[in-house]
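First the structure, in the form of structure tokens, and then the observations on it.
The values are calculated or read from the model by the stated rules, or taken from the named source; none is laboratory data. Note that the structure is predicted; figures quoted are calculated from it, not measured. Neighbour counts are summed over all protein chains in view; Cβ atoms, including those assigned to glycine, are modelled from backbone coordinates with ideal geometry. Heads up: the accessible areas ignore ligands, DNA and RNA and are worked out on the full protein's heavy atoms, side chains in. Shrake-Rupley method; radii C 1.70, N 1.55, O 1.52, S 1.80 Å.
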Amino acid sequence: MNTELFGIIATYLLTVVLAIPLGIYLSKVFAGEKVWTDFLKPLENGIYKLSGINVKEQMNWKQHMKALMTINLVWLVYGFFVLLQQDKLPLNPDGNPGMSPDLAFNTIISFVVNCNLQHYSGESGVSYLTQHFVLMFLQFVSAATGIAAAVVFFKAFRDKTTTSLGNFWEFFVKSITRLLLPLSVLMGLIMAFSGTPTSYQGKDQFISLQGDTVHVSRGPAAGFIAIKHLGTNGGGWFGANSAHPLENPNYLTNMVELIAQVIIPIAMVIAFGYFIRRKKLAWMIFGVMTIGMLMLLLPTMSSELGGNPAIAKMGVSQATGAMEGKEVRFGPTVSAYWSTVTTIISTGSVNSMHDSGMPLTGLWQLLGMMINSFYGGCGVGMLNYFIYLIIAVFISGLMVGRTPEFLGHKVEAREVKIAALITLLSPFLILAGTAIAAYVFTNHGGAAWAVQPKTWLNNPGFHGFSEMLYEMTSSNANNGSGFEGLGDGNTFWNVSTGFVLLLGRFLPIIGPVAIAGLLGAKKFIPESAGTLKTDTLTFSLMTFAVILVLNALSYFPALALGPLAEYFTLFK
């Protein structure tokens, strides 16, 4: 037990120790200051020249968003047709078929929006060509999209008053060349030398101990797994994701994968403070996020280590905790840590089966995705937090009788309305989506569809409701993990979650960037005795309270119907 706890503490502390210098480095990269990776400038200039990009051209926030949305649309169309035709393309040694239109629709949207919600199994659902040139490619560019959007947000507050917010393409390219690609190469080498496959051959065959012939999928997985975590993507090369022994061979790779998925989100918080020259503000934001993470992690660990009361009633010893759905190589402690960070961050990878966790574990996983701003995904974590911060600024200003302002810029009705709309968007998508699914399941279960709704759930009742709620929550949070008792590989779930994925990704990016752009263009007001300071402990606690209250009001009824109700049934 103590060893496992030490492993978690060491992993987190090492993550923070690495994230601080990385954040300082990123602030210099995006500020155009001299850094040791400047030797890559010729490569970047070649990309700009080949693409016809003038990086000296300044963009306002609307031009940034236009560029972002346009390139994402191109990737969506390109990937959709490759997924449909992958059976006719090379690098398909296992003969995997092309996807159906509805599955291709869901899959390409999912990877474009940095979610990687997989309604297919990696071994049998996609070819090596698709894994590399569609899915892995999108894992790089979707993460770079979020980082570039965050840098636009940073730029709005670096200068006192400005509408010139840099060039989107420069931020986008540098996110790959200076950050994602170098770290992925390093991590990919660690994974390869630890036993993760890098071969382009098809399935291997061996005879098991009981004499069965087993066919084991492989492929060039190491590089894919590296960017899946560094880019907070989470999509598994194998269906079992990082619970698979080839995708996560040992405790070292488990630790590396945990660090990889957390390091950039934390580094972006540090980079924000250094970039806008407000280090104290960044540390206050980091503190709120860390407290939030601990408030989800500690009860998750307690829930898993306490074992299952239903099994205890049978007289079965659970000395190591609740082991159902856990990989025996890792156990419940590190699995609890993984399940917490993968849901507060939009990674969604798993090293245990979330569907098999204790009911309260499912509650904390759901709440982490619903809040979606404790570190969050690459770049977008800061954008999500900013929405809560603006609401906290507005409420605090009203409470103390001062004009709401943030970093010397007045927060007025237009900015608050945008923040309010974005805040209401997530509950609407999650709850409305779950309500529609529950209605179809209960009232049209026998519908003459290819997959009848009544067959969706392996676990009807409270847990079945949680499975549907989890699927919609994961889609909206661009997370991608799932309660896999849900049969989601059908037209209803492919199409419904596809639309939730799109809206849950791009509106929460456009909203914060729009607010930042509008604030940055306003006249700068120097600090005075009447200024509401946002880098204080008091204001940080106010922001934390806003996060808790808004999410409690939005989601408590749904959580009560699902994981809470299931929890209380264990004690009947």
query: Using the membrane-span-like helix rule (whole DSSP H runs, Cα extent along the own axis of at least 24 Å, mean Kyte-Doolittle hydropathy at least 1.6), which helices of the chain qualify?
result: 251-275, 380-400, 537-559
Accessible surface of the range 106-191, 1.4 Å probe, proportion on carbon and sulfur as whole %: 68 percent
- prompt: Looking at the square roots a ≥ b ≥ c of the eigenvalues of the Cα gyration tensor of the range 108-233, which shape do they give, rounded for a/c under 1.5, prolate if a/b is larger than b/c, or oblate?
  reply: prolate
field: Neighbour cut-off at most 16 other Cβ (10 Å), DSSP loop, trypsin sites (Lys or Arg not before Pro), the range 173-228
entry: Lys203
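Sorted by mean Cβ packing within 10 Å, highest first, what order do the peptides 302-313, 502-513 take?
Details: 302-313: 16.8, 502-513: 22.3.
Those peptides, ordered most packed to least, come out 502-513, 302-313.
Ranked from highest to lowest mean number of other Cβ atoms within 10 Å per residue, what is the order of the peptides 117-125, 233-241, 80-88, 354-362? Each step should come with its number before you reach the end.
Numbers: 117-125: 20.3, 233-241: 25.3, 80-88: 17.1, 354-362: 23.3.
Put in order of decreasing packing, that is 233-241, 354-362, 117-125, 80-88.
First obtain the Kirkwood hydrodynamic radius of the range 324-390 from its Cα pairs, then insert it into the Stokes-Einstein equation at 10 °C and 1.306 mPa s, and state the resulting D in µm² per second as a whole number. Before the final figure, lay out each step's value.
Working: Rh = 12.4 Å.
The estimated diffusion coefficient comes to 128 µm²/s.
Sum up the charges of everything whose Cβ sits under 13 Å from the Cβ of Trp456, counting Lys and Arg as +1 and Asp and Glu as -1, but leave Trp456 out.
Numbers: positive: Lys454; negative: Glu467, Glu471, Glu484, Asp488.
Taking every Cβ under 13 Å from that of Trp456, the sum is -3.
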- line: Both in Å, the radius of gyration and Dmax of the C-alpha trace of the range 171-214 are 17.5, 55
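Once you wrap a convex hull around the alpha carbon atoms of the range 418-572, what is its projected area averaged over all directions, in nm²? Mind showing how you got there, number by number?
Working: hull surface 49.4 nm².
For the Cα atoms of the range 418-572, the hull's average projected area reads 12.3 nm².
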- prompt: Taking a ≥ b ≥ c as the square roots of the eigenvalues of the Cα gyration tensor of the range 217-334, is the shape rounded (a/c under 1.5), prolate (a/b larger than b/c) or oblate?
  reply: oblate
Computed helical MRE - 222 nm, the chain, DSSP H runs ≥ 4 contributing -39500 (n - 2.57), nearest 500: -20000 deg cm²/dmol
query: If you project the alpha carbons of the range 355-425 onto their three principal axes, what span does each projection cover, largest first, in Å?
result: 49, 26, 19
task: Report the calculated FRET efficiency for Val17 and Val328 (r = Cβ-Cβ distance, R0 = 35 Å), to the nearest 0.05.
output: 0.70
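Could you compute how fast the range 168-254 diffuses translationally, taking Rh as the Kirkwood radius over C-alpha pairs and applying Stokes-Einstein at 20 °C with viscosity 1.002 mPa s? Give it in µm² per second.
My calculation gives 151 µm²/s for D.
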- line: Sorted by accessible surface (1.4 Å probe, heavy atoms of the protein chains only), largest first, His444, His409 come out as His444, His409
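Which of the peptides 266-279, 427-440 is most tightly packed, and how do the rest follow, judged by the mean count of other Cβ atoms within 10 Å per residue?
Details: 266-279: 22.2, 427-440: 17.9.
Ranking, from highest mean packing down: 266-279, 427-440.
Counting each pair of different Cα atoms once, what's the Kirkwood radius of the range 446-486 in Å, rounded to one decimal? Before the final figure, lay out the partial values.
Numbers: mean 1/r = 0.0921 Å⁻¹.
After inverting the pairwise mean of 1/r, the radius is 10.9 Å.
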- request: Please give the contour-minus-distance gain from Ile9 to Lys160: 0.36 nm per residue of separation, less the Cα-Cα distance, rounded to one decimal in nm.
  value: 50.3 nm
query: Can you give the Kirkwood hydrodynamic radius of the chain from its Cα pairs, in Å with one decimal?
result: 24.2 Å
message: If R₀ is 22 angstrom, what is the calculated FRET efficiency for the pair Thr320 and Leu570, using the beta carbon separation as r and rounding to 0.05?
response: 0.70
Those lysines that a straight Cα-Cα span of less than 19 Å connects to Lys41, excepting residues fewer than 8 apart in one chain: Lys28, Lys49, Lys56, Lys174
- request: Pull up the cross-link candidates among the aspartates and glutamates for Lys66, meaning alpha carbon to alpha carbon under 14 Å and not fewer than 8 places away within one chain.
  value: none
- prompt: So what's the Cα pair-distance distribution over the range 526-572, bin width 10 Å, in %?
  reply: 22, 27, 22, 16, 9, 4, 0
task: Kindly report the accessible area of the chain per residue (heavy atoms of protein chains, probe 1.4 Å, no ligands, DNA or RNA), in Å².
output: 39 Å²
field: Extension gain (nm, one decimal) between Thr198 and Leu43, 0.36 nm per residue minus Cα-Cα
entry: 53.2 nm
query: Between Leu507 and His444, what is the spin-label point distance in nm, taking each point 7 Å from the Cα along the Cα→C-beta axis?
result: 2.2 nm
